[in-house]
Amino acid sequence: MRFDAVQRILGVLLMVFSLTMLPPALLSALIDDGAVTAFISTASLLVVIGAALWLPVRKLQRELRTRDGFFIVALFWVVLGMAGAVPFLLDERTGMSVADALFESISGLTTTGATVIVGIDELPMSIRYYRQQLQWLGGMGIIVLAVAILPMLGIGGMQLYRAELPGPVKDAKLTPRITETAKALWYIYLGLTIVCALAYWLAGMDAFDAISHAFSTIATGGFSTHDESVGYFDSALIEMIAVVFMFISAVNYSLHFLVWRWRSVQPWLRDPELRFYVGLVIAACVLVTGGLFLYESGHGIEDPDLWHHAIFQVVSFATTTGYTTTGHHLWPAFVPVLLLLLAFVGGCGSSTSGGIKVVRVLLLMRQGGREILRLIHPQAVLPVKLGAKPVDERVTDAVWGFFGAYVALFSAIMLLLMAMGLDQVTAFSATASGMNNLGPALGDVAANFASVGIGPKLLMCFAMVLGRLEIFTLLVLFTPAFWRR
């Protein structure tokens, strides 16, 4: 491990992250909500710490190895979570403990969207904006953003990109140079954010809410500037706009890039993962809407808004955004569980969504089908295919390895939460919320995580980072082979 190279990059990234404190500080100064000191103090602290790390090794010129990239990404998400918690601690009006502030920061940066705050509407406007900004930065990954500028400092970035970008296949670049790849991803990300914000504004949100919700929608994060989430606006139009952009953000960003570059929708139409995802979401919408109509008609209830609440919640959970418009946990028993199961699948690979990812689930299904055929034709050569292309056996092995590690870690975290006093439903749904970067859960944490203790909150922080880095990036650090020369 080249610790001096790690130290140099960590210092640079902390100094870059300090710049993100300036927009909320400027907003606070303009509206005079009293939070400007918290943001300026945090920015100054991060600059000092970053410079202290960077200056002693600033002249070092070394190319990163793969293991260095994994270590930097995992370390930086932990450090970034701690840094992001500082403004919450410095502004006393949030009333947060250290564990609460860390939970809120990591939930934002990992785009989980779970919160410990009760009374979001009462917070200073700049703090509410800051929560949304955390999700926007975490959506595509602060590392991918930094990759675009690290080469200017003489630091190679491909290892960071491979370690950070979500999805089972990470080596394919959209452009010949990794810097251009990172820029392409961020141009698409920024463009979608601007269009989404304009759509919200035209639909009736004020400028502050439109920008804030565009941040968390495109990041598939789920934070809101109001306790009632998107339900605060009581608008079917706003909900359908959110549905469109949540779904777009849950699609593989490589496809968006190809559509833009080729000026053709063929990459969307030909992609087997996207076709499967569309079918899954449509089927879930039919099941949830039909189930709610049958339940309500059986109890003599009439709700004209039922259809758009059902569609909204399905897409919100399927994309692991986690917005809510109504008490989903109060719906008939099978519906909340179905919504939670959708979050396990998550969005497409290389999107901002969490979950296992659609491409992995699709590969697991194809492999299951192949094993059934092998029972009938033991001697047949039956490759697993996505579309017309056979999938490399190493990829299918990696998918099974990921699934096995996911199940084992999910079980361990759930059991630990139960040992800390949470009931079965709460522990199961909280683990699903954290590892799938979803946000909403069931049981005692259906509304928020304010009621749980310090231990469960810290364990949830680990689960959220584990889910954001897709298990292996973090898990590899706990293997002895990683630290051997």
Q: With a 10 Å radius around each residue's Cβ, average the other Cβ atoms per peptide and rank 197-207, 256-266, 73-83, highest first.
A: 73-83, 197-207, 256-266
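Rounded, prolate or oblate for region 392-485? Axes are the square roots of the Cα gyration tensor eigenvalues, ordered a ≥ b ≥ c, and the cut-off for rounded is a/c under 1.5.
On the way: a/c = 2.49, a/b = 1.85, b/c = 1.35.
Judged from the Cα gyration tensor, region 392-485 comes out prolate (a/c at least 1.5, a/b above b/c).
Is the shape of the chain best called rounded, prolate or oblate, per the rule: a/c under 1.5 gives rounded, else a/b larger than b/c gives prolate, else oblate, with a ≥ b ≥ c the square roots of the Cα gyration tensor eigenvalues?
Numbers: a/c = 1.45, a/b = 1.06, b/c = 1.36.
Rounded is the answer for the chain, as its axis ratio a/c remains below 1.5.
Residues with beta-carbon under 14 Å from that of PHE3, excluding PHE3: net charge, scoring Lys, Arg +1 and Asp, Glu -1? Display every interim value, and only then the final one.
Numbers: positive: ARG2, ARG8, ARG62, ARG65, ARG67, ARG485; negative: ASP4, ASP68.
So the surrounding residues net to +4.
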(Q) Which residues does the label zone of HIS226 cover in region 121-135, counting backbone N under 11 Å from a point 7 Å along Cα→Cβ? (A) 121
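Which order do peptides 241-250, 314-323 fall in by mean Cβ count within 10 Å, highest first? Each step should come with its number before you reach the end.
On the way: 241-250: 22.9, 314-323: 30.0.
Highest-to-lowest ranking by the protection proxy: 314-323, 241-250.
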Q | Candidate aspartates and glutamates - alpha carbon under 18 Å from LYS183, same-chain residues fewer than 8 apart omitted | A | GLU164, ASP171
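Could you work out the relative contact order of the chain, using alpha carbon pairs under 8 angstrom and six or more residues apart, expressed as a whole percent? Walk me through the intermediate numbers first.
Numbers: 757 pairs, mean separation 82.2, N = 485.
This gives 17 percent for the chain.
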Q) In nm, to one decimal, how far is the ALA388 label point from the LEU373 one, both placed 7 Å along Cα→Cβ? A) 1.7 nm
Q: For LYS385, enumerate residues with amide H under 5 Å from its amide H, sequence gap 5+ or separate chain, H modeled in the peptide plane.
A: VAL391
Q. Once both labels are modelled 7 Å past Cα along the beta-carbon direction, what's the ALA419-THR66 spacing in nm?
A. 3.3 nm
Q | Mean Cβ count within 10 Å, highest first, over the residues of peptides 444-451, 331-338 | A | 444-451, 331-338
(Q) Cross-link candidates for LYS357: which aspartates and glutamates have Cα within less than 13 Å, leaving aside residues fewer than 8 places away along the same chain? (A) GLU273, GLU470
Q. Counting Lys and Arg as +1 and Asp and Glu as -1, what is the net charge of the other residues whose Cβ lies under 11 Å from the Cβ of SER107?
A. +1
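Roughly how many debye, to the nearest 20, is the charge dipole of region 1-116 about its Cα centre, given +1 on each Lys and Arg Cβ, -1 on each Asp and Glu Cβ, and no other charges? Could you put the intermediate results ahead of the total?
Details: 8 positive and 9 negative charges, 159 e Å.
The calculated dipole for region 1-116 is roughly 760 debye.
So what's the net charge close to ILE120: Lys and Arg +1, Asp and Glu -1, counting the other residues with Cβ under 11 Å from its Cβ?
On the way: positive: ARG128, ARG131; negative: GLU104, ASP121, GLU122, ASP227, GLU228.
Residues near ILE120 contribute -3 overall.
With a cut-off of at most 14 other beta carbons within 10 Å, and DSSP calling the residue loop, which GluC sites (Glu not before Pro) in region 241-302 qualify? Please list them. Kindly include the intermediate steps, with their values, before the conclusion.
Numbers: sites: GLU273, GLU296, GLU302; in loops: GLU302.
When the GluC sites (Glu not before Pro) of region 241-302 are filtered for loop state and at most 14 Cβ neighbours within 10 Å, GLU302 remain.
Where a number appears in this text, it was derived from the coordinates with a stated rule and is not lab data. Source: prediction; values computed, not measured. Cβ sites come from the backbone with ideal geometry, for glycine too, and all protein chains shown count toward neighbours.
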